[in-house]
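Read through the structure below, which is laid out as structure tokens, and then see the notes.
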Ligand SMILES: [Zn+2]
């Protein structure tokens, strides 16, 4: 691998974004349907669908369905072959008819290519240009993981139930309908489904008609959809309840299993305020007559919710508030998930990326929009601090050499699946936050409104957004946007000399790059918008660091904060004298900058760019009454350091004593008992501290958690709902065999899916290796539920990564049944990537070469890079921390 220069990266990517045209598109073809010669997996562009009439009859008990589809299509160039996407479908009858007054033509031959996930229909003679209908009778499978049409089973007091749902992103509509299953093919859909008469069906559009078929089943027909991509189609069938409210012309609904509507009230109310906000922000009102959010029991290893147009799908844990188990952070995450998915109704559904290269246009934007909307509608949550954490997580990944640009090259289904990662979401979000900060919120919104208006019902690439924002803003942003989205990596701004002159600080800045595993590489160049200010004095000063250097004059002679307000996507390294000044004034620093400085020093300390103990200096300097989120972050950093000591009990104990002593006065502030009217952030901190102190082995916390668990058998108040998960988490982590058995018995007896799932995850969250092995064995049985087992194994990997990885590989066939088919290549990498054992590097390599196509190895390569980084950090960080602790 050679070092990348900006121009080489830009040339490569701009060439790619220009969509080389190798075949002539039809006259009315949208440019997004031009041929991409660099993506040979795309379907031929000689035929274009315009409408699907689909009818399905599921056999829920038999896990199969029958389908009938009639596809209206245009043949753009004479052809004897039509290729579309299909997988795991069996074709019974195929008919072709021609023209507005249909005339039957001879049936074609069908050839299925399951590796390519296509079906090709070959005709006796080439079809001339014109309009046709291709009618197919077929059958397919109902899965038990969240892919295609799938079943979720769940317990109720009235016995076991089964409901059906669909999940098509990124490339699984082809398991449900033989179709042109790429985002650029927008068509309308007429969907109907035959269901048991006692059951309800929900889709993107309202029910247009329901006919009792007289045999215990009914045919439900939905209103036609607008022109949209296949991956956004949705169907749910089951014993469901629905509650609604209205915002203007739109009916907003939540759909749950029978009897759970009360728990969806917060999601319904939140959806209404969010929709009102977005109608205003986007300037184009939500275009469908209704917007449902459908809750489903169970889990996926890969997503929590899906933005199907008009019919958002959300797993129960991210939508329902159950007073017996839900916490304040669950509330925030329900709001955030709803805000994210609803913003996709515009960014994703109304305007869709042309291809998966630009997935970040969906995900980065929705993540940013959700964050911005939480800050606006729930200022008391102060979630701007959480966005700093999100940026940090993205930079952790982006500083490894296996990273990729925000806009990336995607060829295969697996690569599209792997594109749903922290770079696409959190870096995408952070880049938008920076650009919005650079141009101003009003100008940014004007650009977004123009983009939505201009591209409604169309497909776009990233440059469409930059062009529209630039047109409104009146200053160039495309160059900066390209540098942050077309090249990978993390800019590093070093704060060098600071001199005080005439009441202002003269600050010199240099730009390099933070890489955790290639320190010798030539840094990439970015134009970095920088905001700086003095602690507690003066207005912020703005500049753009270009060409690697800048100097600026900041009013005041106090310690200077660079990246003030934390909207910039870069790390800040303070030269030692500047860091000492910042640390000395740390209590007076704005909480959002405290967060940024903490996380930068934590990252830079581990990367060997600043003393590893600096983050502990900051933790020491933080006052007990600091913002709860700052203490929550310090607790997370302590847990991170503790984890680096894994396997070294003596040194670990010394660190744990320090960490417990530092957190104890903060925990004294929150106490065990929730107080009425306390801030949400305080309630979240309480749970965070109980969990972290439990992990650190704080005797008092572990004993009290155990006492409350025992007492809860007779006194429910000992374990209120808001503390249930965290108390049981401490108990499970430190469980002996008898306690584990008790938790297991509770899991078996439990009838509420949310509570039951949590109990099975707790069984897997034990520190004891022998009990963890029992949890792994249990995960392979049918007992926990088909979609829970994958999460249990992943939970074991948090504490026992080598055990979990070895086990999963040894039982690969069984484990594959418990994981979403299209995302398996990510799952094993996720287990092994948490290891600190040098042997894991070889194991991951062996796994990749035995099981993964060369093009599907990014997650495994990243897992290897993470293990290697962990080994380096242990070598580097822990001695610095030992030495710092020794002088205390
Ligand atoms: Zn999303």
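Structural remarks
- Checking residue 107 against (1) assigned to a strand (DSSP E or B); (2) closer than 28 Å to residue 57 by Cβ; (3) modelled with pLDDT under 95, the condition it does not meet: (1)
- Residue within region 508-519 that is within 27 Å of the chain's Cα centre (by Cα) and closer than 26 Å to residue 336 by Cα present: no
To keep it simple, each residue is scored yes or no on (1) in contact (Cβ under 8 Å) with a residue 60 or more places away in the chain; (2) under 22 Å from residue 364 (Cα atoms).
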position: 484; (1), (2): yes, yes
position: 488; (1), (2): yes, yes
position: 511; (1), (2): no, no
position: 525; (1), (2): yes, no
position: 536; (1), (2): no, no
position: 540; (1), (2): no, no
position: 553; (1), (2): no, no
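- Within the span defined as region 156-178, one or more residues are more than 25 Å from residue 304 (Cα to Cα) and surrounded by 19 or more Cβ atoms within 10 Å (Cβ to Cβ).
- Of all residues making up region 428-437, the number that are in contact with a helix residue (DSSP H, G or I) (Cβ under 7 Å, 6 or more places away or on another chain) and either within 17 Å of residue 542 (Cβ to Cβ) or within 14 Å of the ligand (Cβ to nearest atom) (or both): 6
- Residue within region 387-410 that is buried (at least 21 other Cβ atoms within 10 Å of the Cβ), closer than 20 Å to residue 269 by Cβ, at pLDDT 95 or above and within 15 Å of the ligand (Cβ to nearest atom) present: no
- Within region 692-703, the set of residues being crowded, with 21+ Cβ neighbours inside 10 Å and not in a loop (DSSP other than H, G, I, E, B) comprises 692, 693, 694, 695, 701.
- Test: residue in region 667-675 that is touching a helix residue (DSSP H, G or I) at 6+ places or on another chain (Cβ under 8 Å) and in a helix (DSSP H, G or I): yes
- Selection over region 549-589 of residues that are assigned to a loop (DSSP other than H, G, I, E, B) and at pLDDT below 95 gives a count of 2.
- Checked against the criterion of being at negative phi, surrounded by fewer than 24 Cβ atoms within 10 Å (Cβ to Cβ) and in contact with a helix residue (DSSP H, G or I) (Cβ under 6 Å, 6 or more places away or on another chain), region 528-544 has at least one qualifying residue.
- Test: residue 464 is without any contact (Cβ under 8 Å) to a residue 24 or more places away in the chain and either within 20 Å of the chain's Cα centre (by Cα) or farther than 24 Å from residue 32 by Cα (or both): no
- Yes/no for residue 364 being within 14 Å of the ligand (Cβ to nearest atom), crowded, with 24+ Cβ neighbours inside 10 Å and assigned to a helix (DSSP H, G or I): yes
- Scope region 331-357; condition within 10 Å of the ligand (Cβ to nearest atom) and in a helix (DSSP H, G or I); matching residues: 337, 340, 341, 343, 344
- Some residue of region 480-489 being at pLDDT below 95 and not in a helix (DSSP H, G or I): no
- Selection from region 267-295 of residues that are in a helix (DSSP H, G or I), within 20 Å of the chain's Cα centre (by Cα) and within 16 Å of the ligand (Cβ to nearest atom): 271, 274
- Given (1) more than 21 Å from residue 694 (Cα to Cα); (2) assigned to a helix (DSSP H, G or I), index of the condition residue 610 fails: (2)
- Residues (touching a strand residue (DSSP E or B) at 6+ places or on another chain (Cβ under 6 Å), touching a residue at least 40 places away in the same chain (Cβ under 8 Å) and either assigned to a strand (DSSP E or B) or surrounded by 15 or more Cβ atoms within 10 Å (Cβ to Cβ) (or both)) located in region 253-266: 253, 254, 255, 256, 264
- Selected residue (criterion: nearest to the ligand (Cβ to nearest atom)) from residues of region 306-330 that are within 30 Å of residue 227 (Cα to Cα) and part of a helix (DSSP H, G or I): 318
- Sole exception among (1) modelled with pLDDT of 95 or more; (2) buried (at least 24 other Cβ atoms within 10 Å of the Cβ); (3) more than 12 Å from the ligand (Cβ to nearest atom) for residue 369, by number: (3)
- Scanning region 221-230 for residues that are outside any loop (DSSP other than H, G, I, E, B) and either without any contact (Cβ under 8 Å) to a residue 40 or more places away in the chain or surrounded by fewer than 22 Cβ atoms within 10 Å (Cβ to Cβ) (or both) turns up 221, 222.
- Looking only at region 372-385, and only at residues there that are assigned to a helix (DSSP H, G or I) and away from the ligand (no atom under 16 Å from the Cβ), the one that is farthest from residue 270 (Cα to Cα): 385
- The one condition from (1) at negative phi; (2) under 22 Å from the mean Cα position of the chain (by Cα); (3) away from the ligand (no atom under 16 Å from the Cβ) that residue 298 does not meet is (1).
The values are calculated or read from the model by the stated rules, or taken from the named source; none is laboratory data. Remember, predicted model here, so these are calculated numbers, not experimental data. Reconstructed Cβ throughout: ideal geometry from the backbone, glycine too, with neighbour counts over all protein chains shown.
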